[in-house]
Structure formats: C-alpha cells, structure tokens
Amino acid sequence: MAAGNHTTFPPGEIDRLVESIEVNGFGIVRGAIDEMAMTALEQELAHAQRRLVDGVLGPRHGTVILDEPDATIDGRPFAHYVTFATEASPLAAAAVRIPALVNVARSALGTGAWLLDYEQFGVVYQDARPGPGSGYSRIGWHTDHQSGPHLPIWPGLAFTLHIDPTSPANGFLRVLAGSHHGGTDGIPPGFEKVPGEIAVYAERGDILFHHSDLWHAAARATADGDEAIRRHLRGSWHGGSRLEIGHGTDDFVKNAQR
C-alpha cells in the first residue's frame, strides 16, 4: 500500500500537514519549489559532489561514518554523501530555509525550533544507487532518535527534499505509520517486512517530513543505471537544546544497516 493524498499537501495547508505528522508520523509538501530552482539546485549539488571526489572540498564535507570511503560507481571513486551541504552549496542553504519548510518545522516543534546544519553531519546531500562498488543503496529499519538517544536535542523533525522522484525502480521510503507514538521494541534489525508498513513515494521537488521517532527504512532500487539513482537533500529541525559547536560525531550511533 502506498501513502495517498491524505499525507500530501500544497504549501498553503501547513495545519493539515502538521496534523498528518502528528497522526501518521510523516507528511509531504508538494509544489513549494519550481522546476527552474530544482534544476539549479541539482546542478550545484552534483558539482559539490564532484569537487568532493576530486579532493577540492575539504574533509568536513566527507564522512567515513555514513559512507564507504572505497565506494566506486562504474569503476570510478564515488561519494554517496556530501556533508554540510549548505556550506558547499548556496542554493542548498536557501532551499532548506524556504517558508514552506521553516513554517512546518516551527509549527510542529514550536517557535524555538532550530536547524541542525552546523554540527554532526549538518544538512546532507545523499546519492543512493546500486552497483557492485556501491556503499549506499538502501538503509534498514531505524528511528532518527536512535542515532543519539542520550542527546538533549529531541524531539526532531527530519526533512527530505527530493531531487529525483522515487519508485520501486530507484528505491523509496518504507514507514510504519503511527509508530512514533510508541517505542522501538520490536523494530527489525535489518530490512525485514513489517506488518502494516507502507511505501511513501515522492515526486521531484517534494519535501517529505518525518518525526524523529517514526520507524522507517529505504528500499533498494530494482533497476540499474540512471533509472536507479535516488538523490535528495536531507536534514533535521529540533525542539530540544542546541548542540554545542564542536560536538562532533564521536557519540553518533550508527544504528541502521546498510
């Protein structure tokens, strides 16, 4: 079963979207970014990705925690993640601060909500694709809260700005709607089927929000080549205490299988 229109809303229906997040644990804003802006953002992020692979971007923008440093695609070195993408791409910095995104975060978490763009991994550009040398094609069941249950930053609201539309061909988000109301007892350790799970498909330019306690995973692409590429910009807003500058990633819990 795929998530229907009851979880997808235009930018002007924030109250209904926030209600979907409260009830289901997720919701989508559609139509907040036009195609011209999406094309420019896509190009700038792809350029940042190439600069990282070529050693032009500094080590702050790469990660051996999330990524596989020896990853290759078509026999060439490849970076699946560009961390602190808003520092590498001015268009990314602007995109994550559009009213449609900020207003949802602050409506869901309170007016004091803040964007985690300066510590841990910041806002991340992710490029998932399969292949014999790939280091990131899917991710197992987890909640975002599990990555740092000891931190005072929660609750949180993750957002994913989709550059590519998602489908079985290039992978999609799997969620257990309403699971954010409970704990993590029974959450699978890997990629198992969960009774009641649904597929959440996104269109290009969609902004998908999900609660930090929502059970979710990402399916591997069934296609190969360009049809299997799934790219997005992902970050999170938080309603708890801010992380101090310099906190780092030493206490990050990599809790999801890849």
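Read the figures in this text as sums done on the coordinates, not as results from a lab. Quick caveat, the model's predicted, so the values are computed rather than measured. Every residue, glycine among them, receives a Cβ derived from its backbone with ideal geometry; neighbour counts consider all protein chains shown.
In nm², what is the average projected area of the convex hull enclosing the Cα atoms of region 35-103?
Reported value for the Cα convex hull: 5.5 nm².
Rg and Dmax of the chain, using alpha carbons, in Å: what are they?
17.0, 48
Taking every pair of alpha-carbon atoms in region 84-129, what share in percent sits in each 5 Å bin, from 0 to the bin with the longest distance?
Binned Cα distances yield the sequence 5, 21, 24, 24, 19, 6, 1, 0.
What does the highest-first list of 52-58, 133-139, 112-118 look like by mean Cβ count within 10 Å? Walk me through the numbers on the way to the answer.
Details: 52-58: 14.9, 133-139: 19.3, 112-118: 17.1.
For the peptides 52-58, 133-139, 112-118, the packing ranking is 133-139, 112-118, 52-58.
When Lys and Arg each count +1 and Asp and Glu each count -1, what net charge do the other residues less than 11 Å away from residue 78, Cβ to Cβ, add up to? Walk me through the numbers on the way to the answer.
Values: positive: 50, 76, 129; negative: 67, 68, 70, 74, 127.
Combined, the nearby Lys, Arg, Asp and Glu give -2.
Taking N as the number of residues in region 1-121, what is its Cα Rg relative to 2.2 N^0.38 Å?
Normalised by 2.2 N^0.38 Å, the Cα Rg of region 1-121 equals 1.26.
Using each residue's phi in region 165-176, evaluate 6.51 cos²θ - 1.76 cosθ + 1.60 at θ = phi - 60° and report the 3J(HN,Hα) Karplus result to the nearest Hz, with x for Gly and Pro.
x, 10, 6, x, 5, 10, x, 7, 7, 9, 9, 10
With charges only on Cβ, +1 for K and R and -1 for D and E, what is the dipole size of region 187-254 about its Cα centre, in debye, rounded to 20? Intermediate results must be reported in sequence, preceding the final value.
On the way: 8 positive and 11 negative charges, 12 e Å.
For this selection, approximately 60 debye.
Would you mind calculating the relative contact order of the chain from Cα pairs under 8 angstrom and at least 6 residues apart, reporting the percent as a whole number?
Rounded, it is 27 percent for the chain.
Quick one: pull the percentage of alpha-carbon pairs in region 122-185 with a separation above 20 Å. Please list the in-between numbers first.
Values: 840 of 2016 pairs.
Pairs farther apart than 20 Å: 42 percent.
If we restrict to alpha carbons, what Rg and Dmax does region 112-231 come to, in Å?
14.7, 45
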